[in-house]
Amino acid sequence: MHKTCTALHVLSALALIGVGFMFCDAPVVAGDETAVDSTAVVNAWVPIVIGLFQIGLKILELYGIKIFDFIKSPNSDDDDDSPPSPLRPVFSQPDIPFSLAIAATLCFASVSLAGQPRAVISGPSAAAAGDQIQLSAKQSIADLYRWTVTRRTAGPVRFSESPDRSELSLNSYPGVYDVTLIVANSDGIDVAQSTITVFNTSVPGPSPAPPTPVPIPEPQPQPQPVPPPTPSPEPQPAPTPTPPTPDPEPVIPDGRFAISKAVYERAKVIPLPARSVAPKMSDQLEAVSASISAGTLNGRTVLMVYDPTPILNEVAAALASTSSAYRTEWQPFADDINADVQKLWDAGKLRDDAAFATLFLEIAAGLKPVK
């Protein structure tokens, strides 16, 4: 009887030692170390525990004990002449069958409670500089957690994690942070992302309503004393003003295109002070004509057709710099001149640089005497 109890205790001890190694194999996780999947540890140690249990069975056989003999009860319907099982007295010891039951259950049980992983980040999306931002992954379904925090602009990124890495505490500096949570278990991995904006001051909220202006009463006019009427002086005959002598009309030559007189007549009716820029416009046109004659400003030939666009652009820029303040007053004049130039072009009279140099000199001659 003593040997039987000893053998069963050895069997139970071997099984429990194997189970103990199995659960002690997983290291304690702290800080940034990687946690070990408990399900993988159980699956790795189950064959070792079963082997230890089989060694215990061999020990029982050395003592002449069959493992299946102790499933017979003392009241079995077997032949009464059969010798009683040597383990029957053993079951009167309550701790031995309980130890065997625990050992067998632990040896053959490998239960995975994990499901499909799901990453969930809980926490604010905005904060003020200096706030401690708390993020949590406790709503996730996972065994392992890993956080990454990146800042979109240059600057420090400081954060800490809880021991099981399911929570993250971020020191907030102004900027935009991208937070990524990666979770995993024996069924796979999942990823969640969140963006947190840290403002320089407080988190912006709805703008307050503008204050209602207090109406200011209109001042009431005060009655003014009415002075006595002043006697009117006797009317004196007004002197007859001497009419100003009109300026003599300038002598303007006709020129090659006979446009100078028309330019003068149109420009002299433009009201003052807009009309006062006419001499400056004349100077600008003379300068353009001189550039053409000197060969520093030319038209161009496109597909064997003369194109005066560079010259016209230079003229437009020169006149705009002088008359831009009086654009409205000078616009009718510009429209009439454009119409005259178009007629000369259609008549084939403007087909080279020299013709345009002469044209601008005649227009300048019509603007020069305008006052």
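The values are calculated or read from the model by the stated rules, or taken from the named source; none is laboratory data. Just so we're clear, the structure is a prediction, and the values are computed from it rather than from any experiment. All Cβ positions, glycine included, derive from the backbone under ideal geometry; neighbour counts span all protein chains shown. Note: accessible area is taken over every heavy atom of the protein model, side chains too, but ligands, DNA and RNA are not part of it. Shrake-Rupley method; radii C 1.70, N 1.55, O 1.52, S 1.80 Å.
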Check your understanding: From the Cα gyration tensor of the stretch 271-371, with a ≥ b ≥ c the square roots of its eigenvalues, which class applies: rounded if a/c is under 1.5, or else prolate if a/b is larger than b/c, or else oblate?
Key -> prolate
Practice item. Over the residues of the stretch 217-321, compute the C-alpha Rg and express it relative to 2.2 N^0.38 Å. Key: 2.19
Study note, to complete from the structure: Probe 1.4 Å, all chains present, heavy atoms only: F199 accessible area in Å², nearest 10, is 70
Check your understanding: For the stretch 122-195, how big is the tail of P(r) above 19 Å, as a whole percent of Cα pairs?
Key -> 32
Check your understanding: Given the Cα-Cα distance of V302 and V214 and 0.36 nm per residue of separation, how much length would full extension add, in nm?
Key -> 24.7 nm
Practice item. May I ask you to evaluate 6.51 cos²θ - 1.76 cosθ + 1.60, the Karplus curve with θ = phi - 60°, for each residue of the stretch 219-225 and list the ³J(HN,Hα) values in order in whole Hz, giving x for glycine and proline? Key: x, 8, x, 8, x, 9, x
Review point. How large is the charge dipole for the stretch 214-299, taken about the Cα centre, if only the Cβ atoms of Lys, Arg (+1) and Asp, Glu (-1) carry charge, to the nearest 20 debye?
Key: 300
Check your understanding: In whole Å, how far is the Cα centre of the stretch 139-156 from that of the stretch 220-241?
Key -> 90
Check your understanding: With each label point set 7 Å from Cα along the Cα-Cβ vector, what nm distance links T245 and F159?
Key -> 9.5
**Study point:** Peptide ranges 359-368, 314-323, 284-293 listed from the most packed, as the mean C-beta count within 10 angstrom indicates
**Key:** 359-368, 284-293, 314-323
Review point. Probe 1.4 Å, all protein chains in place: accessible area of T201 in Å², nearest 10?
Key: 100
Review point. Between S321 and I141, what length in nm is gained on full extension when 0.36 nm per residue of separation is reduced by their alpha carbon distance?
Key: 57.4 nm
Practice item. May I ask you to derive the FRET efficiency for R351 and E265 from their Cβ-Cβ distance with R0 = 30 Å, giving the value to the nearest 0.05? Key: 0.65
Exercise for review: Give me the distance between the Cα centres of the stretch 257-275 and the stretch 278-353, rounded to whole Å.
Suggested key: 16
Review point. When the dipole is taken about the Cα centre of the stretch 246-371, and only Lys, Arg (+1) and Asp, Glu (-1) are charged at their Cβ, what size is it in debye, to the nearest 20?
Key: 120
Practice item. Work out, step by step, the length gained on full extension between A258 and A287: first 0.36 nm times the residue separation, then minus their alpha carbon distance; give nm to one decimal. Key: 8.4 nm
Check your understanding: Lys/Arg Cβ at +1, Asp/Glu Cβ at -1, dipole of the stretch 208-282 taken about the Cα centre: which of Q222, P253, Q236 is farthest positive-ward?
Key -> P253
